[in-house]
Structure formats: C-alpha cells, structure tokens
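Only one structure is covered here, and it is reproduced in the block below.
Nothing in this text is a laboratory measurement; each read-out follows from the coordinates by a stated rule. Because the structure is predicted, anything quoted here is derived from the model rather than measured. Virtual Cβ from ideal backbone geometry, glycine too; neighbours counted across all protein chains shown.
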Amino acid sequence: MSLPHPLAVRWGDHLRRDRRRSPHTVRAYVATAERLLAFLAGHHGQAVDGALLKTIGTADLRAFLARRRNDGIGNASAARELSAVRGFLAFVGVEAPRLKGPRVKRGVPRPISPDEALALADEVAEDAHQPWIGTRDWAILLLLYGAGLRVGEAMALTGAVLPIGEAMAVTGKRDKTRIVPILPQVREAIEAYVAACPWPMEKDVALFRGARGGPLSAALVRRAVRKARAGLGLGDRTTPHALRHSFATHLLGRGADLRALQELLGHASLSST
C-alpha cells in the first residue's frame, strides 16, 4: 500500500485546520487529490511535485476526468471532482487550466440524487468568502437534505436547539411543531458550524447567522444554490426545496411509510405528501 502523498496530506490539514471543513469533505477532497497525483505520476512517468503540477494543462485534466468517467462516476460526481481539483491546485499555488465541467441533461423533473445533493453542498461551501461561512452553508444544506426541513424552517431555528441531539423540534407552517430525527452526519455538520461561528450562540437568537451576525436570509441560501448549480451543470430543479423533496423520495424508496413521511415533512394532508 502506497504512502499518502505529502501534498495531499498538507491539503487535508489545510481543509481541516484552516477551512474547518467537515471530516466527510476532508476525506473526499484528499481522496481526489491522491487520485489526481497518482494519475499524473503514471501519465508523465515520474513523481509529482509542485514543479510538475505547474506544467499541467487542459489535456491533462481532460484525461484525468476521462479516467474517472471510465471508473463509472456520473456527471455530478465528475463536476464535484473537478471542483476539488481546482481547490487543490489553488492550494499548491497552481492556476487550474480552464475547463468546463460536465453538464447534467435537463429533462423531466426528478429528485436530486444523493451524489448531486452532496456535490451541491460542497460547491456552495467551497464558494464561501470565509471558512466559517462555508461551514455554515454545508450544515444548512445537509439539514435540508438529511432532515427534510424547509429553508424557512432552518432559518427560524435558534440557539435553543443546542446542543443537537438525535432529534430536533421544528416549527413549520401554521406554527405546527414536529419532531425530526437528526442523522449523525447532520449533527456533526451543525456542531462544526457552531464551533467555527464567530458570533455567540444565544438561545433566543437565530442559529444560522449572516456575515455581520444578524439572522441569515433564506434568499441568500437560494442565491448561493443557484450559483453552485450553474457551476456543477445541474438544472433549475436543483433548489433548496428540492433537497427536501429528495429527502422524502429517497426515504419512500427505502420503504418508509407514507404517513410517517407526512409527519416528518409537517404536511397537513396526506395528498400533499
């Protein structure tokens, strides 16, 4: 088994320490860097260092993505891989060659796949101007997809929900409160955001804060998603609300009871579900 490449190790340390990225994102991005470095070593027939990375061009990246497509990854994963490669190259001081990411065909509306949901969350977080904001955006989108919240419900959460347990009380439409389970990955993402946020977490103040400390606007979340989906080549159907729909669809596909889903989503009628 080969040893981790020093550049990939440094990249992981940077993501973990300076960018405060989640363990999931660090693992995924380091794995991408390792794949790229191993590919380039074989492609050029020599060990890869910073000097060699500065010589790579569009043809090298196209060949790398073609190899990954041969491995069986889809368009969303390929776009996510390219985004991670750009971040890695920027970290080592290399300007990535210009290369458009693969486009996802638009057709009949369908749920966002788990792969697309994570790619979207990664893209939004990576595009943030400050590390703690990236951590916040990752937590929000995982909450929408992993717990089925409406974006307005997520924005209405306050510091009173802390510390995060295995379930959370959410107030939805018509002030109806429901209990939703919180996956460990979602809990970890929120905890990482709370640890990174520069503003105090008071019980009667919004959990998700804007850059100046005030309550975060749902419009800003929607705007960030629009920009990210364009970068990934995802269709207009990829919205914060679509993450909630996908949460329900994927649970239903795994055998969830329709009335249980109605309760989780906070729908007043079964027909809505």
>> Output wanted: per-residue J couplings in Hz (rounded whole) for segment 58-72, from phi through Karplus 6.51 cos²θ - 1.76 cosθ + 1.60, θ = phi - 60°, x for Gly and Pro.
In response: 4, 4, 5, 5, 4, 5, 5, 5, 5, 4, 5, 5, 5, 6, x
> Taking segment 34-88, which trypsin sites (Lys or Arg not before Pro) meet the DSSP loop condition and have no more than 15 other C-beta atoms within 10 Å?
Replying inline: Lys54
> What is the set of long-range amide H partners of Leu157 at a cut-off below 5 Å, with H atoms built 1.01 Å from backbone N?
Replying inline: Leu207
> Along segment 130-147, what does the Karplus equation 6.51 cos²θ - 1.76 cosθ + 1.60 (θ = phi - 60°) give for ³J(HN,Hα), rounded to whole Hz, x for Gly and Pro?
Replying inline: 10, x, 5, 5, x, 5, 5, 5, 4, 5, 4, 5, 5, 5, 5, 7, x, 10
>> Whole-Hz ³J(HN,Hα) for each residue in segment 172-184, computed from phi via Karplus 6.51 cos²θ - 1.76 cosθ + 1.60 with θ = phi - 60°, x for glycine and proline: what do you get?
In response: x, 5, 6, 6, 7, 9, 9, 9, 10, x, 10, 5, x
